[in-house]
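Comments concern the structure below.
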Amino acid sequence: MKILLMSGRVRRPGQAGSILVISIIFCALICSILVAYLSMVKTQHKFTYRAQTWNTVIPLCEAGVEEAMAHLNHFNTMSNFAINGWVLNNGFYRKERSLSGGTIRMLIDQGSPPVITVTGYLRAPVQSNLLVRAVRVKTKINLRFPYAMLSKGAVTLSSAGAYVDSFDSSDPAYSTDGHYDPTKRAADATIATTAKTAGVVDLGNNDLYGKIGTGPGGTVNIGNGTVGDVAWVTDPANDGEVQPGHITDDVNLYIPDVVMPSPFSPFMPIGGVVGTTVYTYVLGDGDWILPTISGNSVKILVTGKARLYVGGPTTIGNAGSITVNTNASLEFFANGNIDIKGVVNNPGLAQNLSFLGMANCLLVGITAGADFACSVYAPRADVTVTGNSAGAGAIVGKTIKLTGGMSWHYDKALEGDPREGRFVAASWTEL
């Protein structure tokens, strides 16, 4: 009997088996590729997470640096860093802190200025080991007004019976409520000039609790004045004498000009009535601008963190004043001459009022019948301070003159920028 096949072919058993094997192999390949892809994604995710964790260790170190810097600049660490949880061990001040799931270990060495080393530890993802990164920050002493008076030329003290000494508004051991206290005076006031001529510093009959420095070859004229530490100056036997080692001629400094801050986005200030006082200008937080200031009774009140630019001359008469409220400050950028005869920041702290003389500020005159507090940085100006009271702060000028019985109290807190600390970061290195 014949069987006729109308269409198709007879599939042998071997062919069906081959198709099954091919299908299994193909599925196995797909599974292998899928497993490899998932493994790659897993590894990539692990690496990404590890990289994120690795990067997160640096903010931990930064937090440790911030804490160490705050500790260095705390007013209670003037002579001892082993407080507030810090321990002196094997030559380093040490502290450890847990933060954001990690650990920070901080070291401060005993150098001057000190070096900070911070190590951050954070657990690696899906592992038991720790990711470790360390940074080292070298600090420097924050110097803005390192001297009571710094001049490019002559320094003349013609006041009768006056003196120059120092205090520190940031240290209660050398001030009372931040103000000068004669019972806590120190001898850290240095009068310095980069000039090299004979008699470039004339002390007259004034006492200096501190030192004098001139440029190479410069000399000092001394009448009955005395130069030295507190014990030396207060001893009448030393009148007209200089304590050994308290005059040098090795001052070699670059005194830069004033540069306007950037950004600086000023508005025109307006006046106002505060209490019963009518103020010509009231300066709150922000930047301000005026073409000139002129008047016998100009009164300026500073209520916030203010910066003022005056393009021309500033003249404030005997009935005028500049008042800086507590926790407020004024940076006074003057591109013209300054002549102030009124009340200047009394009572107040020098760190809260700064006169900054720019290129066209060639004369700065402050005539005060009462105590005042400010800093003057006018490297192109002849600076004259006159009065029968006392000023607190620091002065930088082309020349400097004190007359009329005016004494000067150098505020050592101005040695560095008072809005920073005694130490600032000089370099940052990852170890």
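Things worth noting here:
- Number of the exception - SER321 against (1) at pLDDT below 95; (2) surrounded by fewer than 17 Cβ atoms within 10 Å (Cβ to Cβ); (3) in contact with a strand residue (DSSP E or B) (Cβ under 9 Å, 6 or more places away or on another chain): (2)
- Among the numbered conditions (1) part of a loop (DSSP other than H, G, I, E, B); (2) touching a strand residue (DSSP E or B) at 6+ places or on another chain (Cβ under 7 Å); (3) at pLDDT 95 or above; (4) surrounded by fewer than 23 Cβ atoms within 10 Å (Cβ to Cβ), the only one that GLY312 does not meet is (2).
- Matching residues, segment 327-347, being of a type in the set (Val, Ile, Thr) and either surrounded by 22 or more Cβ atoms within 10 Å (Cβ to Cβ) or not in a strand (DSSP E or B) (or both): ILE338, ILE340, VAL344
- For the criterion of being farther than 30 Å from THR277 by Cα and either modelled with pLDDT under 95 or outside the structural domain of ILE116 (by TED's automatic domain parsing) (or both), MET406 fails.
- Tally, over segment 64-118, of residues that are of a type in the set (S, T, N, Q), touching a residue at least 40 places away in the same chain (Cβ under 8 Å) and assigned to a loop (DSSP other than H, G, I, E, B): 2
- Selection within segment 169-189 - in contact with a helix residue (DSSP H, G or I) (Cβ under 6 Å, 6 or more places away or on another chain), closer than 21 Å to PRO244 by Cβ and not in a loop (DSSP other than H, G, I, E, B): ALA186
- Contacts under 6 angstrom Cβ, first residue in segment 297-313 being in contact (Cβ under 8 Å) with a residue 12 or more places away in the chain and hydroxyl-bearing (Ser, Thr, Tyr), partner surrounded by 20 or more Cβ atoms within 10 Å (Cβ to Cβ) and assigned to a loop (DSSP other than H, G, I, E, B), 6 or more apart: SER297/GLY320
- Any strands (runs of 3 or more DSSP E) falling wholly within segment 190-288 and containing at least 3 residues that are surrounded by 13 or more Cβ atoms within 10 Å (Cβ to Cβ) and assigned by TED's automatic domain parsing to the domain that holds ILE322: 201-204, 207-213, 220-222, 281-283
- Only a single criterion out of (1) assigned to a strand (DSSP E or B); (2) exposed (fewer than 14 other Cβ atoms within 10 Å of the Cβ) is not satisfied by SER297, namely (1).
The values are calculated or read from the model by the stated rules, or taken from the named source; none is laboratory data. These numbers come from a predicted model, not from an experiment. Cβ: placed from backbone, ideal geometry, glycine included. Neighbour counts: every protein chain shown.
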